[in-house]
Amino acid sequence: MTGNTSLSSVVSGLVRAQMGTSVSSSVTDEDLDRHVAELILKDAKKKADQYSQQGIRAYLPQFVHSSLSFTPLRTCSY
């Protein structure tokens, strides 16, 4: 990607802020973009592997998983 759009600048600034002092100012925006793309690809592969084992539950947030298997702590006896 050539040029530095305002969106690209904002995203680069956010990535640099999130990484803190661990990223030097000499790291180019293109390198940051490549790193973010690798992280997204890694997460997508992980989700695909989970999907093959769990089905659609692999894509649901964790808090939904735990509520689906909720067991009441108290039972009512009538």
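The values are calculated or read from the model by the stated rules, or taken from the named source; none is laboratory data. As the structure is a computational prediction, the values presented were derived from the model and not from experiment. When we count neighbours, we look across all protein chains shown, and the Cβ atoms used for this are built from the backbone with ideal geometry, even at glycine.
Some points to look at:
- Close Cβ contacts (under 9 Å, 6 or more residues apart or on different chains) running from residues in region 31-46 that are without any contact (Cβ under 8 Å) to a residue 40 or more places away in the chain to residues that are basic (Lys, Arg) comprise Leu32/Arg16.
This table checks each residue for (1) part of a helix (DSSP H, G or I); (2) modelled with pLDDT under 70.
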site	(1), (2)
Gly13	yes, no
His35	yes, no
Glu38	yes, no
Ser67	yes, yes
Pro72	no, yes
